[in-house]
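Trainee: Pasting a structure below so you can have a look.
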């Protein structure tokens with residue numbers, strides 16, 4: 001009888017360890033991104049890149065563009081350029097590649113956040129941030 005209790009105890013312990021291992025492995029799997037991916041051709045990205053590069057030449061200290069989920073995200077370090085001019089220029093460059101492409105741009109001056117702009121649906125979903133003009 002004692003032998004039977006030990007076997008059941010070992011089985012219970014073994015099952016518990018297996019369940020914990022499966023739960024731990026499941027918790028460690030990467031999460032699937034809920035946001036839809038941006039579907040834009042490489043040619044359109046190249047056109048946007050060329051247009052923004054032409055716009056930035058000699059006016060912006062630096063800029064980057066990357067695809068983040070379902071939008072294009074720009075980081076722009078402006079020297080003396082007007083934030084409104086930068087935002088309208090980026091918007092025009094994106095619109096020439098195709099309608100309906102969501103984008104946002106974070107503008108900085110001297111490494112400090114200046115303002116944020118982009119398509120209305122992207123800005124509406126973004127958390128409120130401290131901006132100054």
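Trainee: Please give the contour-minus-distance gain from residue 10 to residue 59: 0.36 nm per residue of separation, less the Cα-Cα distance, rounded to one decimal in nm.
Mentor: Contour length minus Cα-Cα distance gives 10.4 nm.
Trainee: Oh, and also: Just subtract the alpha-carbon distance of residue 22 and residue 43 from 0.36 nm times their residue separation and send over the number in nm, one decimal.
Mentor: 3.1 nm
Quick note: the coordinates plus some simple rules give every number you see, no bench work behind them. This is a predicted model, so every value here is computed, not measured.
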